[in-house]
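Input: a single structure, listed below in structure tokens.
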């Protein structure tokens, strides 16, 4: 025998509010998924990014050039015969020469080559550090974007799961005539809208996660649970002095290293105009006139280039122009660094004010309005449509809060990078 139990409208409304509108439960992450914090993502990126390893090889290459610049040039061995004619006796009639030519570097060229190579090492190290910090920045930005997408996905998924129970309950009530078909259609329409939003959020969360793993230099893309709290870093950051920013920013270090390298090359081109010196020392066997045997003698000499027309004028002019260029680039880097810092500082302050003064009150007010609407609906003082509008506003406020927190965390990353804080 089948028995149908009818409940009152107030009981239905109270049950609805209990199931979904009082609060959305937080889903627990799957234990099989890997947990990933912000610092772990940065560490993995710095360990595995192939582009960063390529930058490290530039340092090794620069050290190799530095080592090469300090080496003494190899001597040249020369052997020759003179007075070769048909019918001669080689040991008696031919003059023989065998000697070494050793380049001398006594006019400062070797010293300047070593100085240039050392400056190139400094430049390559600064370029590596810049690449390292840029990777850390991109990973942090991607992490917070993926963390926000994960939060939105979970929030909408929980809302859909709970709302489906309301749809099922109203379907049962419609079948026994306890509610109107119009109210049921409104409930079902809201459920379908939430499902679409949830599916789009899941797609966006996957895209953001894959982008994060790409920035980390990963070759596989498993599911991850990002564990960094969205409301972390609530303590206000204190602005730093502009001179401290200039001292900490690796871009300034790179610009100074490039200028010093250009200056070292200019000095090298200046000393390259000096003569090249070579000494000769060796053996000579000469056949004397009216003698049947030759004599052995020593050979010594000095070679020197004469800088008459070629005084390295073109290379010296080029090096001087490069020094001027690097000086201008240093000034431009200083201006860019300070602009980045003050822009990032203002962006951080605006984002923080938005979170504190707008987003947090918005979420609280939306929750308060939702609770009032729930009470009114439970007591029969309002209809279902108004309750759904209030709950939609609450959900929109929560989503806006998540997005605002993501942008707030990203503004902190930008400010730390602009200050020159190491990752």
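Condition test on residue 121, is it under 26 Å from residue 252 (Cβ atoms) and buried (at least 22 other Cβ atoms within 10 Å of the Cβ)? Here the answer is no, as residue 121 does not meet what is asked.
So for the stretch 389-396 (the condition being modelled with pLDDT of 95 or more, over 30 Å from residue 123 (Cα atoms), in contact with a helix residue (DSSP H, G or I) (Cβ under 6 Å, 6 or more places away or on another chain) and surrounded by fewer than 20 Cβ atoms within 10 Å (Cβ to Cβ)), does at least one residue qualify? Within the stretch 389-396 (the criterion being modelled with pLDDT of 95 or more, over 30 Å from residue 123 (Cα atoms), in contact with a helix residue (DSSP H, G or I) (Cβ under 6 Å, 6 or more places away or on another chain) and surrounded by fewer than 20 Cβ atoms within 10 Å (Cβ to Cβ)), the answer is no, since none of the residues qualifies. If you go through the stretch 213-231 and pick out every residue that is touching a residue at least 40 places away in the same chain (Cβ under 8 Å) and either over 14 Å from the mean Cα position of the chain (by Cα) or closer than 22 Å to residue 360 by Cβ (or both), you end up with 10. Only one entry in 279, 295 is modelled with pLDDT of 90 or more, more than 45 Å from the chain's Cα centre (by Cα), in a strand (DSSP E or B) and farther than 30 Å from residue 423 by Cα, namely 279. For the stretch 200-222, the set of residues classified as closer than 16 Å to residue 144 by Cα and either out of contact with any helix residue (DSSP H, G or I) (no Cβ under 6 Å at 6 or more places or on another chain) or not in a helix (DSSP H, G or I) (or both) consists of 206, 207, 210, 213, 214, 216, listed by residue number. Please go through the stretch 124-156 and pick out each residue that is surrounded by fewer than 21 Cβ atoms within 10 Å (Cβ to Cβ) and closer than 16 Å to residue 217 by Cα. Hits for the stretch 124-156 are 131, 132, 133, 134, 137, 138, 141. Answer with yes or no whether residue 116 is closer than 30 Å to residue 275 by Cα and modelled with pLDDT under 90. Taking the combined requirement at face value, the residue does not satisfy it. Identification of helices (runs of 4 or more DSSP H) wholly contained in the stretch 33-108 with 3 or more residues that are out of contact with any strand residue (DSSP E or B) (no Cβ under 7 Å at 6 or more places or on another chain) and free of Cβ contacts under 8 Å to residues at least 40 places away in the same chain yields 38-48, 50-69.
Against the numbered list (1) touching a helix residue (DSSP H, G or I) at 6+ places or on another chain (Cβ under 8 Å); (2) free of Cβ contacts under 8 Å to residues at least 12 places away in the same chain; (3) closer than 30 Å to residue 249 by Cβ, residue 134 comes up short only at (1). Yes or no: the stretch 104-112 includes at least one residue that is at pLDDT below 95 and at positive phi. Scanning the stretch 104-112, I find at least one residue that is at pLDDT below 95 and at positive phi, so the answer is yes. Cβ-Cβ distances below 9 Å connect the following pairs, each with a first residue in the stretch 294-321 that is within 30 Å of residue 94 (Cβ to Cβ), a second residue that is in a helix (DSSP H, G or I), and a separation of six or more residues or different chains: 294/91; 294/92; 294/93.
Take residue 240 and decide whether it is in contact with a helix residue (DSSP H, G or I) (Cβ under 7 Å, 6 or more places away or on another chain), part of a helix (DSSP H, G or I), closer than 26 Å to residue 422 by Cα and in contact (Cβ under 8 Å) with a residue 60 or more places away in the chain. Criteria not met by residue 240. Looking at the stretch 321-332, is at least one residue modelled with pLDDT of 85 or more, part of a helix (DSSP H, G or I) and under 27 Å from residue 156 (Cα atoms)? No, the conditions are met nowhere in the stretch 321-332. Here residue 58 fulfils each of the conditions (1) within 30 Å of residue 286 (Cβ to Cβ); (2) touching a helix residue (DSSP H, G or I) at 6+ places or on another chain (Cβ under 7 Å) apart from (1). Scan the stretch 353-368 and give yes if some residue there is surrounded by 13 or more Cβ atoms within 10 Å (Cβ to Cβ) and touching a residue at least 60 places away in the same chain (Cβ under 8 Å), otherwise no. No; the residues of the stretch 353-368 include none that is surrounded by 13 or more Cβ atoms within 10 Å (Cβ to Cβ) and touching a residue at least 60 places away in the same chain (Cβ under 8 Å). Inclusion of residue 295 among residues that are exposed (fewer than 15 other Cβ atoms within 10 Å of the Cβ), in contact with a strand residue (DSSP E or B) (Cβ under 8 Å, 6 or more places away or on another chain) and more than 18 Å from residue 108 (Cβ to Cβ) is warranted.
The values are calculated or read from the model by the stated rules, or taken from the named source; none is laboratory data. Keep in mind the model is a prediction, meaning the values are calculated, not measured. With ideal geometry, Cβ positions are generated from the backbone for all residues, glycine too; neighbour counts draw on all protein chains shown.
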